[in-house]
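The values are calculated or read from the model by the stated rules, or taken from the named source; none is laboratory data. Note that the structure is predicted; figures quoted are calculated from it, not measured. Cβ placement follows ideal geometry from the backbone for every residue including glycine, while neighbour counts extend to all protein chains displayed. Please note that ligands, DNA and RNA were not included when accessible areas were found on the heavy atoms of the full protein model with its side chains. Shrake-Rupley method; radii C 1.70, N 1.55, O 1.52, S 1.80 Å.
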Amino acid sequence: MKNITLKLTGENDFFTQEAYKVLRTNLQFCGQDIKVIALTSCNENEGKTTVSLGLGKCLAELDKKVLVIDGDMRKSVIVGRNTDSQKVVGLSELLSGQESINDCIYKTQYPNLHLLFAGKYPPNPTELLNGRTFSVLIEALRKHYDYILIDTPPLGQVIDAAVIATQCDGSVLVIGSSRIHRTQAMDVVEQLKKSGSKVLGVIRNNAKKGGRGYYRYGYGKKYGYGKRYGYGKQV
């Protein structure tokens, strides 16, 4: 297993880290059977990759073995934005039989936090995710990790997240734009429900509190436009 160095947004910001701890606690209250979680959004650039990595690090701090899977084989940003690496292999090579699982999972500088990159962009990402190899992979990984977080493409644009969610114990919607309409978010939630995945809640990202310049991560059971989410606590 190779080593890689991650660069995480807000790693040294107290309020951001406290927000992740609140999110981590709420996730644990969802139950011990919630191990594999898909994170998606309505559109791109809403921060779900940042949330996936930050939450993964926060869970690993509890001495939990955590794997973050970059499930966006269409337009992944993790390699270029969150690492200094230029050449990695990942999910696409693994699902297409080009690489073994040991060659595709990377250790990070954070104890217990591992990463599976998306790999090269394949011509058929939905077909790869919908195949038996992906379901077998997830079942095998369940035996080795306490939590598996899958960063998926925005479900408001492509269907991949719903396909991935069929193999997950739950799913979370990340909303990072104030321009997301209630109907758009509800359409994504309904699509996740159709996949058979339990919708665990919504993370409100990039929400400034009182103009003080830090972020709020709200986590709850139901989505309500213009309302507080779940506990509704600002941190």
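Kindly evaluate Lys107 against the criterion of being surrounded by fewer than 17 Cβ atoms within 10 Å (Cβ to Cβ), at pLDDT 95 or above and of a type in the set (Lys, Arg).
yes
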field: Hits in region 18-30 (condition: in contact (Cβ under 8 Å) with a residue 12 or more places away in the chain and either in contact with a helix residue (DSSP H, G or I) (Cβ under 7 Å, 6 or more places away or on another chain) or surrounded by fewer than 18 Cβ atoms within 10 Å (Cβ to Cβ) (or both))
entry: Glu18, Tyr20, Lys21, Leu23, Arg24, Cys30
- prompt: Restricting the search to region 71-102, which residues are free of Cβ contacts under 8 Å to residues at least 40 places away in the same chain and within 27 Å of Asn43 (Cβ to Cβ)?
  reply: Val77, Val79, Gly80, Gly90, Leu91, Ser92
message: Restricting to region 179-195, name every residue that is assigned to a loop (DSSP other than H, G, I, E, B) and without any contact (Cβ under 8 Å) to a residue 24 or more places away in the chain.
response: Arg179
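Listed here are the residues, each with its yes/no results for (1) over 18 Å from Thr50 (Cβ atoms); (2) open to solvent by less than 20 Å² (accessible area, probe 1.4 Å); (3) among the hydrophobic types (A, V, I, L, M, F, W, C); (4) under 19 Å from the mean Cα position of the chain (by Cα).
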{"position": "Asp70", "(1), (2), (3), (4)": "no, yes, no, yes"}
{"position": "Val77", "(1), (2), (3), (4)": "no, no, yes, yes"}
{"position": "Arg81", "(1), (2), (3), (4)": "no, no, no, yes"}
{"position": "Leu91", "(1), (2), (3), (4)": "yes, yes, yes, yes"}
{"position": "Asp103", "(1), (2), (3), (4)": "yes, no, no, no"}
{"position": "Pro122", "(1), (2), (3), (4)": "yes, no, no, no"}
{"position": "Thr126", "(1), (2), (3), (4)": "yes, no, no, yes"}
- prompt: Which condition does Ile138 not pass, out of (1) in a loop (DSSP other than H, G, I, E, B); (2) surrounded by 15 or more Cβ atoms within 10 Å (Cβ to Cβ), if it passes all the others?
  reply: (1)
